[in-house]
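Here is the structure we will look at, set down as structure tokens.
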Amino acid sequence: MKYFPESAPVQLEFDKVKGLLQEHCKTELGKQMAVELRLHTHIDYVRTALQQAHEYKQLVLLQQHFPNDYVLNLKKELRLLEIQGSVLAGDQFMQLRKLADSMHSIVRFFDADRRETYAGLYEVISKTYYEKKIVSLIDEVLDETGQVRDNATPELAKIRMSLFRRRSDLRKVFDRILGKLQKQGYLADIEESFLNGRRVVAIFAEQKRMVKGILHGESDTRRTAFLEPEETIQLNNEVFSLEREEQREVYRILRTLTAQLQQYQPLLQGYHDILGIYDFIRAKARLALDIDGNYPMLMPHAQVHLVEAYHPLLLLYNRKQGKPTIPVNMSLDKDHHILVISGPNAGGKTVTLKTVGLIQLMLQAGLLVPVHPTSQLGIFRQLMIHIGDTQSLEFELSTYSSHLKNMKHFMENANGKTLFFIDELGSGSDPNLGGAFAEVIMEELARKHAFGIVTTHYLNLKIMAGKVKGILNAAMAFDEEHLQPMYRLIIGKPGSSYTFSIAQRIGLDPSLISRARKLVDEGHFRLDKLLNKAEQDLQKVESKERELQKLLKENEKLKKEYEILADKERVQQQHNILKLQNKIREEEIQYLKDMERKLKQIVVEWKRTDDKQKVIRQAEALLFSKKTKAANEKIQRKVQDKFEELNGDIKTGDKVKIRTNSQVGKVTELRNKNAIVQVGNIPITVKINDLVLVREKQKVE
């Protein structure tokens, strides 16, 4: 993206946003990418960058772990791998192993579903692969602490075994010597130590001539002498020699391992870059969470449609201060591509202008922006800005001369892919003459279909905005009663400067205010007063509308609460029915247990007595009492006389007969293989197979 002047991103505070992004980066590559963040005009690049940040943000919000835990800055190790004959140390190999492990975890993270869900993040590793040989080569040689394994080569195993034996022999001899010297009273408090890689004993200096051996040194106080006993000299020599052999073999092994891994240097470099890219994407996601950044709708044509847009730095500042931030809602499209914002000083015009500019820069840098996701933003090829006092001391230009010089560049280079911002157009000159030039500049920019925002106090520009095609008025809301800016943008109408209202409110002498009014053109004064009244009337209407919306929301809330209560009552009723059904089942189980006990007694009686008829009568009395039998037969006859059975599937609302007791009821609900049948006032759960469809018999005349 081209921008004018060169300081445009700094004027819009884009450098501060990059600083916040850099703070979230952990790797050197991530921080470098944040520092070198560029603005892009290719929509595919911007879309991919936004999608990746959005997907990582979703991972954070869903608390899903993405496996880029290790902060690995391995530029030195990877550079050494490029140099023939270089040798890496054990801990450096372990860092490379962590790099390969991290890549393995990331590759495993993207299963079939996640490749589709997080397509933007997967794109980062889509052209690489995990090489397991890297880890296996390192593991064959090094243990988990980075030390060369004993079995890395047969030669090393042999050397270390010999070294172990010689050290054991040395320990035994040394322990014997220490015991002897201890008895003789020659040993100092330190007893033993190592000097020049040799094992020595510490004896009192005055006794050093009493012990045969090599003197290696004395303490600073010269009270203790360090002596290698004669009996251990040969063993120390052998241990020292074996240690040198071990060092040479370890060096040879590490050199061989370095040479083996050199063929994978490009792949490892790719892994390192990928971890840096994911670190950068994570930083973008974290920044988005800080500033409430979202992924807006990206449009292929030039357009700015902002819904609930915030200046990210102002949002963070106000949040720390515990103050609210007022969002910006506005649109620039092919029909209305220039917005003229008017209103009183300190009302938020410049902040609004900077908010739109900074959001556009962030978007084209691939950063999520603090807007509602329904916002629509296009891609611009150049950005021009004129904010504040830009006089040039170097070229001895006045404020207005510098202003006109910038406007000349705007008019000569602007086109339909340009987004411009001009703060206080025409300021610094005679109001009438400056206003005339301002009109010409606005007409030229509108003719070239450039998109932009202009802030002004000039009345002629406010009037012009309603006449020239493509230019639209807007105003910053102002509370005249309390003389406080409301920092809210109102589209479609110009704003008053509230010059006399502010003067009156701060207590300026009424006679001075009156004299000033007489000096102002009557038509100009009446128009400003009319704008003032229109704005206040609009605020009252908006206030009433907000009250109405509040009442509607309260009504909706009450409706939802009622529905929740109704659902709770319905659940309670179902719970009571279930309790009743459970009670009926418990009674049935108890009845069956009693029946089982009595039947067992009848079986015993049958085996024991010769009067079989008596036992039969007992069983009949138990199972089929005459009264019950008669009652059941009566119910069956009554049902048969009144209803006839039908064939067909049972549905909700059908009349059915329960086969087990011949009761007739209505099906109120079907649940898999069961049905709820309403018999009288009692709902009963019955298996569908135990039901038969019935209908009332027609009476014969």
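The values are calculated or read from the model by the stated rules, or taken from the named source; none is laboratory data. This is a predicted model, so every value here is computed, not measured. Don't worry about glycine lacking a Cβ; one is built from the backbone with ideal geometry, like all the others, and counts go over all protein chains shown. Remember, those area values only see protein heavy atoms, side chains included, never the ligands or the DNA or RNA. Shrake-Rupley method; radii C 1.70, N 1.55, O 1.52, S 1.80 Å.
Applying the criterion of being assigned to a helix (DSSP H, G or I) and open to solvent by 70 Å² or more (accessible area, probe 1.4 Å) to the residues of the range 23-33, the residue that is nearest to HIS272 (Cα to Cα) is GLU28.
Of the residues GLU6, GLU77, GLU55, only one is in a helix (DSSP H, G or I), over 18 Å from GLU123 (Cα atoms) and of a type in the set (Asp, Glu); which? If you could, list the steps in order and put the result at the bottom.
Working: GLU6 fails: in a helix (DSSP H, G or I); GLU55 fails: over 18 Å from GLU123 (Cα atoms).
Exactly one of GLU6, GLU77, GLU55 is in a helix (DSSP H, G or I), over 18 Å from GLU123 (Cα atoms) and of a type in the set (Asp, Glu), namely GLU77.
In the set (1) open to solvent by less than 60 Å² (accessible area, probe 1.4 Å); (2) more than 22 Å from the chain's Cα centre (by Cα); (3) more than 27 Å from ARG149 (Cα to Cα); (4) touching a residue at least 40 places away in the same chain (Cβ under 8 Å), the condition left unmet by LEU267 is number (3). Scanning the range 34-52 for residues that are assigned to a loop (DSSP other than H, G, I, E, B) and open to solvent by less than 70 Å² (accessible area, probe 1.4 Å) gives LEU37, LEU39, HIS40, THR41.
Being among the hydrophobic types (A, V, I, L, M, F, W, C) and open to solvent by 30 Å² or more (accessible area, probe 1.4 Å) is the filter here, so list the residues in the range 270-285 that pass it. Talk me through it step by step, then tell me what you get.
First, pick out the residues of the range 270-285 that are among the hydrophobic types (A, V, I, L, M, F, W, C): 274-275, 277, 280-281, 283, 285.
Matches in the range 270-285: ILE277 only.
To keep it simple, each residue is scored yes or no on (1) among the acidic types (Asp, Glu); (2) over 60 Å from the mean Cα position of the chain (by Cα); (3) crowded, with 16+ Cβ neighbours inside 10 Å.
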position: ARG165; (1), (2), (3): no, no, no
position: ILE177; (1), (2), (3): no, yes, yes
position: GLN184; (1), (2), (3): no, yes, no
position: LEU187; (1), (2), (3): no, yes, yes
position: PHE194; (1), (2), (3): no, no, no
position: ARG198; (1), (2), (3): no, no, yes
position: ARG223; (1), (2), (3): no, yes, no
position: PHE226; (1), (2), (3): no, yes, yes
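I'd like to check something: does the range 106-123 contain any residue that is of a type outside the set (S, T, N, Q), open to solvent by less than 10 Å² (accessible area, probe 1.4 Å), out of contact with any helix residue (DSSP H, G or I) (no Cβ under 6 Å at 6 or more places or on another chain) and farther than 30 Å from GLN360 by Cβ? Yes; the residues of the range 106-123 include at least one that is of a type outside the set (S, T, N, Q), open to solvent by less than 10 Å² (accessible area, probe 1.4 Å), out of contact with any helix residue (DSSP H, G or I) (no Cβ under 6 Å at 6 or more places or on another chain) and farther than 30 Å from GLN360 by Cβ. Only one residue in GLN698, GLN663 is open to solvent by 80 Å² or more (accessible area, probe 1.4 Å) and not basic (Lys, Arg). Which one? Unique residue meeting the criteria: GLN698. Looking across the range 200-221, the residues that are open to solvent by 50 Å² or more (accessible area, probe 1.4 Å), touching a helix residue (DSSP H, G or I) at 6+ places or on another chain (Cβ under 9 Å) and in a strand (DSSP E or B) come down to ILE214, LEU215, GLU218.
Pairs linking a residue in the range 45-67 that is in contact (Cβ under 8 Å) with a residue 12 or more places away in the chain to a residue that is among the polar types (S, T, N, Q), with Cβ atoms under 7 Å and 6 or more positions apart or on different chains, are VAL46/GLN364; PRO67/SER102; PRO67/SER105.
Could you please give the count of residues in the range 286-319 that are among the polar types (S, T, N, Q) and crowded, with 23+ Cβ neighbours inside 10 Å? Working first, answer last.
Start the filter on the range 286-319 by keeping residues that are among the polar types (S, T, N, Q), which leaves 294, 303, 318.
This time we only want the ones that are crowded, with 23+ Cβ neighbours inside 10 Å, so: none.
Total satisfying the criteria: 0.
I'm trying to understand the selection: among the residues of the range 650-678, which are more than 22 Å from GLN698 (Cα to Cα) and either in a strand (DSSP E or B) or among the acidic types (Asp, Glu) (or both)? Within the range 650-678, THR668, GLU669, LEU670, ARG671, ASN674, ALA675, ILE676, VAL677, GLN678 meet the criteria.
How about the range 235-249: which of its residues are closer than 16 Å to ALA152 by Cα and open to solvent by less than 30 Å² (accessible area, probe 1.4 Å)? Reasoning before the result, please.
Just the residues of the range 235-249 that are closer than 16 Å to ALA152 by Cα, to begin with: 245-249.
Of everything in the range 235-249, just one residue is closer than 16 Å to ALA152 by Cα and open to solvent by less than 30 Å² (accessible area, probe 1.4 Å), namely GLU249.
The residues of the range 58-72 that are open to solvent by 60 Å² or more (accessible area, probe 1.4 Å) and either under 21 Å from ILE379 (Cβ atoms) or not in a helix (DSSP H, G or I) (or both), listed by number, are LEU62, GLN63, GLN64, HIS65, ASP69, TYR70, VAL71. Among the conditions (1) assigned to a helix (DSSP H, G or I); (2) touching a residue at least 60 places away in the same chain (Cβ under 8 Å), MET94 misses just one, which is (2).
Scanning the range 676-693 for residues that are touching a Ser or Thr at 6+ places or on another chain (Cβ under 9 Å) and closer than 15 Å to LYS657 by Cβ yields VAL677, GLN678, VAL686, ASP690. When residues in the range 418-439 are screened for being open to solvent by less than 70 Å² (accessible area, probe 1.4 Å), at negative phi and modelled with pLDDT of 80 or more, 10 of them pass.
Taking the range 2-22 as the range and being open to solvent by 50 Å² or more (accessible area, probe 1.4 Å) and either among the aliphatic types (A, V, I, L, M) or within 19 Å of the chain's Cα centre (by Cα) (or both) as the test, the residues that pass are VAL10, GLN22.
Scan the range 55-78 and give yes if some residue there is in contact with a Gly (Cβ under 6 Å, 6 or more places away or on another chain), more than 29 Å from TYR251 (Cα to Cα) and not hydroxyl-bearing (Ser, Thr, Tyr), otherwise no. Yes - at least one qualifying residue is present in the range 55-78.
For the range 672-701, what are the residues that are of a type outside the set (A, V, I, L, M) and without any contact (Cβ under 8 Å) to a residue 40 or more places away in the chain? Steps first, answer last, please.
Filtering the range 672-701 down to residues of a type outside the set (A, V, I, L, M) leaves 672-674, 678, 680-681, 683, 685, 687, 689-690, 695-699, 701.
Listed by number, the residues that qualify are ASN672, LYS673, ASN674, GLN678, GLY680, ASN681, LYS687, ASN689, ASP690, GLN698, LYS699, GLU701.
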